[in-house]
Structure formats: C-alpha cells, structure tokens
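A quick write-up on the structure given underneath.
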Amino acid sequence: MGMRYGEQNMAEILIVDDLEFNRILLEEIISRMGFRPVLAESGEEALAAIGKSLPVLVLSDISMPGMDGYELCRAIKSDKKTRHIPVIFISANDTTEDVVEGFGLGGADYITKPFVPEIVEVRIRTQLRLHEMNKELKEANRRLQVSVTEQTRQIEQEKKSVLYALAAIAAQNSCYRKEHIERLSQNCSILAQGMQLSAVFGDQVSDAYIDTIALAAPLCDIGNIGIPLELLRKQTSLTEEEMAIVQNHTNIGAKLLGDLYVDNDYNDFLSTAVDIAHYHHENWDGSGYPSGLKGEQIPLAAQIVSIVEVYCALTEKKNYSREEAFRIMAEEAEVKFNPEIFKICRKIARLLQ
C-alpha cells in the first residue's frame, strides 16, 4: 500500500520561498526524488499556481513579504478543493511557539533551515505516505456508503484490519513488541469491567462499551505512523521542536480515524477510537496535550487508556514488576490520572495481563 514514487514523476510539489537560493536547493531535492517542482516566490503566486494545477504537497517558507506562509496555509485549508494538500513549513525559526502555531493552522510538518537534504526527503516521503493512506481509507469509506448490508460488514472488517495493521506498524516504529497491542486491549477491557461493577462508573460502562473500548484502545498511537522514525527511536532527549512534532501524533491519529465516519453503528467504534487517539495524553490536572483538557473534560475512554498505556509501558519497555509500576504511577496519580479510576485499577491489579 502507498505511493510508489518512481511511478509518480509527473506529480507536482509546490515550493514557496522568496529567496532564490532556497528555491533552487529545494528544487534539486524534489527533482531527485522523482517529482516535478513548481516554484513560487510569494503566497499570492503560490495560490495562483494551485489554481492552475493541484500539487501533491506544498513546501512553504513562513516569513515572506505580503502573504506569509501561515496565511497561505490558512487559505489552502479553508478551500474544499485544496484542504487535503499537506503543507510543510520551512523556516530558520524553530521556537516552540512557531511550530505549535503551524500545526494549529493545519500544517503537516516543520523543517528548519539550513536544509539537510536527507531530512527533507524523509519528511516529504512521510507526509506523502500518510496522505496516500488517508486517500485509500477515504475511498474505502466511499465504497462502504454504497454497499449493501452484507458488503458493508465485510468492508468494515477490512477497514478495521487496515487500521490494526497501521497500528501494529506504529507500535513497531515506537519499539514496542507485537504483543503490546493485544495486551493493551485486554487490560483496557479488564479495567472497564472493574469500573462497571463500581458505584461511581456503573451507569457509564455497559457491556457494549467494554467491547468497544477493547477494539478501539489499540488504535491510540496510530498517529505515530506519520512521525519520522528518527524521532520515535531517538535515544537522547528531544528538543522542544522535536517534542512538538512527536506530540502531533494525537492530531494525526484523530484526523486519520475521523475521516472514516459513516452513517451506521460503525461510528460507535470510530467515535471512541477518535477520542482515545486524540486525548489519551491529556492529564487529569490539565497539564497534558494536545488541548490541555482537565478532569471530566477528558473523554472517559481516553482516561482509561491513559492509565493502562502507562502501566503497559512501564512493565514492557522498562521491565518493571506490577508492584513497581503501580508505585511509580501512584506518585502522580491525581496529576495524570482520574483518581477514582486509578483506585479501581489498583484494586484489580492482579487481573491485569
């Protein structure tokens, strides 16, 4: 699955920069990759070029006379015909504020100057792979809407299989063992069953909810499929810019899953999966990401996965015992986790896989 770049040599990538040197350098990289570079010196010129022919990706400088890169991105994302085009920002500025603002406008990635050709190529190929997968999943969604009931069930299962395959790749990219996804699912189901028997959550957790969270939980980090491998596997501390890129996996995952909505019960699964992918890194005290949600603002399914994912990470990657993992988690229980859910999790600890 995915785009075979050698066969896409007529696909256009739009380069937008007011400095000729940068345009020439990026033009050489794009040409070497097998795409046709289209050059623009300003945001206005870029929009005119897009009006004539849609590129598969836009590389845009941020600081330009007239319409800057942020305004260009806003214009691209506000038009139904062009909002699907990935936009990668290029800039000499690498402050966290700039990176976050770019992602907030719908930017797909951020490259700093001076350019390292190998990094530029990796970033471009990553975004094009993600874009191509989104197109294929949307096409599966279109077919789903016109299928008869039996065909619909079959396509739904196929779609889940694709999603789980992507989730498995994302987990592998993050150096998790193949058993991680199955274990995460089982433990979320076990915790949800414990909550169903409690006075606090009994009316919120049905049998159907338990089944749904078991299916949706493994997709929590599916957005990592769009994060460069060198960041996911980096052994040293991430810079602020790199951290912002990695944290954007929550938005990537929610967008990928949200594009699959259809008009039937399949949306129960997808709605839960979107909530989990988007908000499982939110903290109970509001210190998490990507939206800084606090307390009950965080969807219940995301609260459950948040606890279980930390437990699984500590006992898998760090190789802690169950007791050691819960002792570490208890130190920040009311900061990171819903304290009531954490209490239930501790009570049923021996049942966890």
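The values are calculated or read from the model by the stated rules, or taken from the named source; none is laboratory data. Predicted model only: the values in this text are computed from it and were never measured. Methodologically, a virtual Cβ is constructed for each residue, glycine included, from the backbone with ideal geometry; neighbour enumeration extends over all protein chains shown. Quick note on the areas: whole protein, heavy atoms, side chains included, nothing else; ligands and nucleic acids left out. Shrake-Rupley method; radii C 1.70, N 1.55, O 1.52, S 1.80 Å.
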Cα point-scatterer Debye curve for the chain, base-10 log of I(q)/I(0) at q = 0.06, 0.12, 0.14 Å⁻¹:
-0.25, -0.92, -1.16
Among all lysine pairs in segment 19-142 that are eight or more places apart or on different chains, how many have alpha carbons less than 20 angstrom apart?
9
Of CYS220, LEU14, PRO37, which is farthest along the charge dipole of the chain in the positive direction, counting Lys and Arg as +1 and Asp and Glu as -1 at C-beta?
CYS220
Proximal lysines to LYS317, defined as alpha-carbon separation beneath 16 angstrom and excluding residues fewer than eight positions away on the same chain:
LYS178, LYS234
Taking only protein heavy atoms and a 1.4 Å probe, what accessible area per residue, in Å², does segment 1-122 have with all protein chains in place?
49 Å²
Would you be so kind as to identify which of PRO114, ILE88, HIS131 lies farthest towards the positive end of the dipole of segment 86-133, taking Lys and Arg as +1 and Asp and Glu as -1 on Cβ and the Cα centre as origin?
HIS131
In whole Å, what is the distance between the alpha-carbon centres of segment 313-353 and segment 172-210?
13 Å
What order do GLU27, GLU158 take when sorted by accessible area (1.4 Å probe), most exposed first?
GLU158, GLU27
Multiply the residue separation of GLU44 and ILE24 by 0.36 nm, subtract the distance between their alpha-carbon atoms, and state the gained length in nm to one decimal.
5.3 nm
Mind checking the full-extension length gain between LYS343 and SER291? Use 0.36 nm per residue of separation minus the Cα-Cα distance, one decimal, nm.
16.2 nm
What's the angle, to the nearest 10 degrees (0 to 90), between helix 117-145's Cα axis and the longest principal axis of the chain?
60 degrees
Magnitude of the Cβ-charge dipole (Lys and Arg +1, Asp and Glu -1) of the chain about the Cα centre, nearest 20 debye, reported as 1120 debye
For helix 207-216, what angle does its Cα long axis make with the longest principal axis of the chain, in degrees from 0 to 90 and rounded to 10?
40 degrees
What 222 nm value per residue comes from the helices of the chain, counting each DSSP H run with n ≥ 4 as -39,500 (n - 2.57) and dividing by all residues, nearest 500 deg cm²/dmol?
-17500 deg cm²/dmol
Ordering ASP268, ASP17, ASP221 by how much accessible area each has at a 1.4 Å probe, largest first, what is the list?
ASP268, ASP221, ASP17
Which one of MET329, SER60, PHE103 has its Cα pushed farthest toward the positive end of the charge dipole of the chain, where Lys and Arg give +1 and Asp and Glu give -1 at the Cβ?
MET329
